[in-house]
1. If R0 is 30 Å, what FRET efficiency do you get for THR28 and GLU50 from their C-beta distance, rounded to 0.05?
2. Compute, for the chain, the length of the dipole vector about the Cα centre, with Cβ point charges of +1 (Lys, Arg) and -1 (Asp, Glu) only. Units Debye, rounded to 20.
3. Please report, to one decimal in angstroms, the Kirkwood hydrodynamic radius of the range 10-78 built from all distinct Cα-Cα pairs.
4. At 222 nm, what helix-only mean residue ellipticity would the chain give, in deg cm²/dmol to the nearest 500, using -39500 (n - 2.57) for each DSSP H run of four or more?
Amino acid sequence: MRTFHLPLPDDLHEALRREAKADHRPATEIVRDALAGWLQARQRERVAREIHRFALDHAGTDFDIDPELEHAGVEHLLAGDAG
């Protein structure tokens, strides 16, 4: 495991210390979990943006949804079978 030195403002350090004490966990574990969650969220956002961009760039092309499949999906939803 690698280490990373991160200077924190006093108020943030104190808030982290209080949270670690209240949660009975090491502050490093809390920060590691928070950072991992943030990185995962950023990756999801990045993928969503890429999908959105692809959809915009390829709307109406051969990469767009098949019109028959789209119609079948709409009919299925309107019939209330989306269960």
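Where a number appears in this text, it was derived from the coordinates with a stated rule and is not lab data. Note that the structure is predicted; figures quoted are calculated from it, not measured. Glycine gets a Cβ as well: all are built from the backbone with ideal geometry, and neighbour counts include every protein chain shown.
1. Result of the calculation: an efficiency of 0.35.
2. Charge dipole, the chain, about its Cα centre: 900 debye, nearest 20.
3. Result for the range 10-78, one decimal place: 16.2 Å.
4. About -24000 deg cm²/dmol.
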